[in-house]
């Protein structure tokens, strides 16, 4: 139907609900929806009202999402402007709390002129399939990305905080080894004192675009690794619990004992 609706009202009223549903689904602006409402103003069928309301809600969701993404990218742009920085890497960790599997730190440089990545958000807010799709968009469009791991053995030997600091530092080094000169390191959460360029953002994975991207990439890569560990160490349910201490996972540890990918120092309270 194009960008506007110019049907004769009587013709529109003779249209089937399936046709009206297709018109409603094709609406891409409030102006188009208003035009369609006008054409169907005399049609009192409940199905017509339902399709128009559905189109209204879809447009509202799309507007909300555009505004959310604008805020996500705008926050980072404004932050870098205050720091007089141009190129920043977003950093975030995944897997600090599990009793099995590695700690993962993601690093992403989106670039100053990057187009918004659809549905980019804190990885915890995204369904697995959506998260995987967003991760692929990030990798395809970003300047550079990296995921660095700290193994369960390293965590047991050195402690989670020391491993966290080292993994963040190694992720930055990996990005720089790809030829990216960084002006700022944007970290989710509390200061780690990694580098003079460090900038800490509370709840950064929900507020700052490159930190959100780092959280998504780290989560997807770690989840894939936990799926592989599930095949190598059957019985613990790593594909479903991703190494976190669910009741079923703890029961499996009590029955089977610790595997080589468990963090023994995290399991003393129930063994």
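Some points to look at:
- The residues in segment 238-271 that are closer than 21 Å to residue 94 by Cα, without any contact (Cβ under 8 Å) to a residue 24 or more places away in the chain and assigned to a loop (DSSP other than H, G, I, E, B) can be counted, and the count is 1.
- Out of 147, 165, 143, sole residue that is surrounded by fewer than 20 Cβ atoms within 10 Å (Cβ to Cβ) and in contact with a strand residue (DSSP E or B) (Cβ under 8 Å, 6 or more places away or on another chain): 143
- Enumeration of residues in segment 225-236 that are in contact with a helix residue (DSSP H, G or I) (Cβ under 6 Å, 6 or more places away or on another chain) and free of Cβ contacts under 8 Å to residues at least 24 places away in the same chain: 227, 230, 235
- Subset of segment 179-203 that is under 20 Å from residue 163 (Cβ atoms) and not in a loop (DSSP other than H, G, I, E, B) - its residue that is nearest to the chain's Cα centre (by Cα): 188
- Residue in segment 97-112 that is modelled with pLDDT of 95 or more, surrounded by fewer than 19 Cβ atoms within 10 Å (Cβ to Cβ), part of a loop (DSSP other than H, G, I, E, B) and at negative phi present: yes
- Close pairs from segment 156-169: first modelled with pLDDT of 95 or more, partner assigned to a helix (DSSP H, G or I), Cβ under 6 Å, at least 6 apart: 156/264; 156/265; 163/154; 163/155
- Residues satisfying the stated conditions in segment 119-133, i.e. in contact (Cβ under 8 Å) with a residue 40 or more places away in the chain and either assigned to a helix (DSSP H, G or I) or over 26 Å from residue 163 (Cα atoms) (or both): 119, 120, 123, 124, 125, 126, 128, 131, 132
- Residues within segment 134-178 that are outside any helix (DSSP H, G or I) and either under 20 Å from residue 212 (Cα atoms) or over 24 Å from the mean Cα position of the chain (by Cα) (or both), tallied: 9
- The condition (being touching a residue at least 60 places away in the same chain (Cβ under 8 Å), surrounded by fewer than 21 Cβ atoms within 10 Å (Cβ to Cβ), in contact with a strand residue (DSSP E or B) (Cβ under 8 Å, 6 or more places away or on another chain) and closer than 26 Å to residue 90 by Cα) is satisfied by just one residue among 222, 207: 207.
The values are calculated or read from the model by the stated rules, or taken from the named source; none is laboratory data. Keep in mind that what you see is a predicted model, and the values were worked out from it rather than measured. As a convention, Cβ positions derive from the backbone with ideal geometry for all residues, glycine included, and neighbour counts pool all protein chains shown.
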